[in-house]
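Here is the structure we will look at.
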Amino acid sequence: MRTLVRATNWVGDVVMSLPAVRALRAADPKGDLAVLARPWVADLYRLLAEIDEVLVDTSKAPDADSKAKERLAGEIRGKSFDRAVVLPTSFETAWTLARAGVPERIGYRRELRGALLTHAVSHSLAPGEHQVWKHLRLAAAAGAAPPAAPDVSWPISDEVRESARVRLNAAGWKGGPFAAAHVASFAHAAKRWDLGRFAAVFDALAVRHGLPVVLLGSAGEKSVNGEAADLAKKARVFDLSGATTLPEALGVLADATLFLGNDSGLAHLAGAAGTPSVVVFGSTDPEATRPWDGPRGDRRPVRLAVVRRRTLCAPCRFAVCPIDHACMKGVMPEDVLSAIEDVL
């Protein structure tokens, strides 16, 4: 059987889809399992032993022309896949695979795309049910047996770790324990905790634990990271925003003593790496989108603390708060520091 998984587009969803990918591999250990992914997450899938091939969807790249989508469909058609499992719920992802003529197409019946799928699954997540089960239900629809305990643990090679240390050294790190942090959220301002409060926690980590802080993020988050670094008065802060690939960021997180951040893809990568993590939640629902904290396949202890201040309007899932951002303003540095002591 030749199976194509149309991957999710965001880093956190990549991590949450790992149990589904592993279930598909376990159901057909001798078959071919490929992934179709956007460029920014393709390198993460290339790290997985379960995946035989990664195809890259560049049809929405800035330099893509009007024929890019048709060329993508043709590339998929030429691979002669027997079936596709479509993890995203967009119309376009289902259209591409139907246009490519993949005989069996399994996905959620949303955005008027039911006719494009040969097996349209009703969206059945209960309120507060974790998103990891959303992907696993599609794997089950493809004949895979869902695991009793989903596992998102991510084995990290020596090569990835060494590449990450090269980036750390280039930023000025001289070795020793450190905390990794992600203080920005380029697509979701409502998820951001106050930078001054992050800086206060960084200073406390330096005083209490002697930990410097390594800031991660995209090139577009460099100005936010710079502001947070300037606000810290006692902590040594190294900024790696825009300086790492996602596999290298995973390697940095694997070496970190602690991860601290907002609800973001890097928080999920930290959880997958097994790093003790403290994640501040506001506008989003930790029941559904927290880093998965089920048992790990490598049997390492899971150490995750979610910090939030409950308000009547949260979770709203707005990208920008239309009122007073009370869900985030109610979280104090002392709340986060207490959670850090718990996970450490």
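The values are calculated or read from the model by the stated rules, or taken from the named source; none is laboratory data. Please read these numbers as outputs of a predicted model, since none were measured by experiment. In this analysis, Cβ positions are derived from the backbone assuming ideal geometry, glycine residues included, and neighbour counts consider all displayed protein chains.
Matching residues to (1) touching a residue at least 60 places away in the same chain (Cβ under 8 Å); (2) assigned to a loop (DSSP other than H, G, I, E, B):
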{"residue": "GLY101", "(1), (2)": "no, yes"}
{"residue": "ILE106", "(1), (2)": "no, no"}
{"residue": "HIS123", "(1), (2)": "no, yes"}
{"residue": "GLY128", "(1), (2)": "yes, yes"}
{"residue": "LEU138", "(1), (2)": "yes, no"}
{"residue": "PRO146", "(1), (2)": "yes, yes"}
{"residue": "ILE156", "(1), (2)": "yes, yes"}
{"residue": "SER163", "(1), (2)": "yes, no"}
> Going through the range 272-304 one residue at a time, which ones are over 23 Å from CYS316 (Cβ atoms) and in contact with a Leu (Cβ under 6 Å, 6 or more places away or on another chain)?
Replying inline: ALA273, THR275, PRO276, SER277, ASP293
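Conditions tested, residue by residue: (1) part of a loop (DSSP other than H, G, I, E, B); (2) small (Gly, Ala, Ser); (3) under 21 Å from VAL14 (Cβ atoms).
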| residue | (1), (2), (3) |
| --- | --- |
| GLY271 | no, yes, yes |
| VAL320 | yes, no, no |
| GLU334 | no, no, no |
| GLU341 | no, no, no |
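Give the range 32-66 a look and list any residue that's within 18 Å of PHE81 (Cα to Cα) and surrounded by 15 or more Cβ atoms within 10 Å (Cβ to Cβ), or say none.
ASP32, LEU33, ALA34, VAL35, LEU36, ALA37, GLU50, ILE51, VAL54, LEU55, VAL56, ASP57
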> Looking at this structure, is ARG167 in contact with a Ser or Thr (Cβ under 8 Å, 6 or more places away or on another chain), touching a residue at least 12 places away in the same chain (Cβ under 8 Å), more than 25 Å from PRO315 (Cβ to Cβ) and not assigned by TED's automatic domain parsing to the domain that holds ALA23?
Replying inline: yes
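If you go through the range 166-173 one residue at a time, do you hit one that is of a type in the set (Lys, Arg) and assigned to a helix (DSSP H, G or I)? Walk me through it before giving the result.
At the first step, the residues of the range 166-173 found to be of a type in the set (Lys, Arg) are 167.
Then drop every residue that is not assigned to a helix (DSSP H, G or I), which leaves 167.
Yes, that holds for at least one residue.
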>> Test of understanding: among VAL214, VAL201, which residue is aliphatic (A, V, I, L, M), at pLDDT 95 or above and farther than 28 Å from ASP43 by Cα?
In response: VAL201
>> Residue under question is THR311, and the condition is that it be of a type in the set (S, T, N, Q) and either under 25 Å from VAL160 (Cα atoms) or in contact with a Phe, Trp or Tyr (Cβ under 7 Å, 6 or more places away or on another chain) (or both); does it hold?
In response: no
> If a residue has to be surrounded by fewer than 18 Cβ atoms within 10 Å (Cβ to Cβ) and either of a type in the set (Asp, Glu) or touching a residue at least 40 places away in the same chain (Cβ under 8 Å) (or both) to count, how many in the range 174-202 make the cut?
Replying inline: 3
>> Which count do you get for residues in the range 226-250 that are within 12 Å of VAL214 (Cα to Cα), of a type in the set (A, V, I, L, M, F, W, C) and free of Cβ contacts under 8 Å to residues at least 60 places away in the same chain?
In response: 4
> Going through the range 327-343 one residue at a time, which ones are buried (at least 16 other Cβ atoms within 10 Å of the Cβ), out of contact with any Gly (no Cβ under 7 Å at 6 or more places or on another chain) and not acidic (Asp, Glu)?
Replying inline: VAL331, PRO333, VAL336, LEU337, ALA339, ILE340, VAL343
> Condition test on ALA273, is it under 14 Å from the mean Cα position of the chain (by Cα), crowded, with 23+ Cβ neighbours inside 10 Å and small (Gly, Ala, Ser)?
Replying inline: yes
>> Of the conditions (1) part of a helix (DSSP H, G or I); (2) in contact (Cβ under 8 Å) with a residue 40 or more places away in the chain, ALA84 satisfies every one except a single condition; which number is it?
In response: (1)
> How many residues are assigned to a helix (DSSP H, G or I) and in contact with a Leu (Cβ under 7 Å, 6 or more places away or on another chain) when one looks only at the range 1-20?
Replying inline: 5
>> Given the options ASP298, ASP285, name the one that is crowded, with 18+ Cβ neighbours inside 10 Å and among the acidic types (Asp, Glu).
In response: ASP285
> Quick one: how many residues across the range 291-318 are in contact with a strand residue (DSSP E or B) (Cβ under 8 Å, 6 or more places away or on another chain), part of a loop (DSSP other than H, G, I, E, B) and free of Cβ contacts under 8 Å to residues at least 40 places away in the same chain?
Replying inline: 2
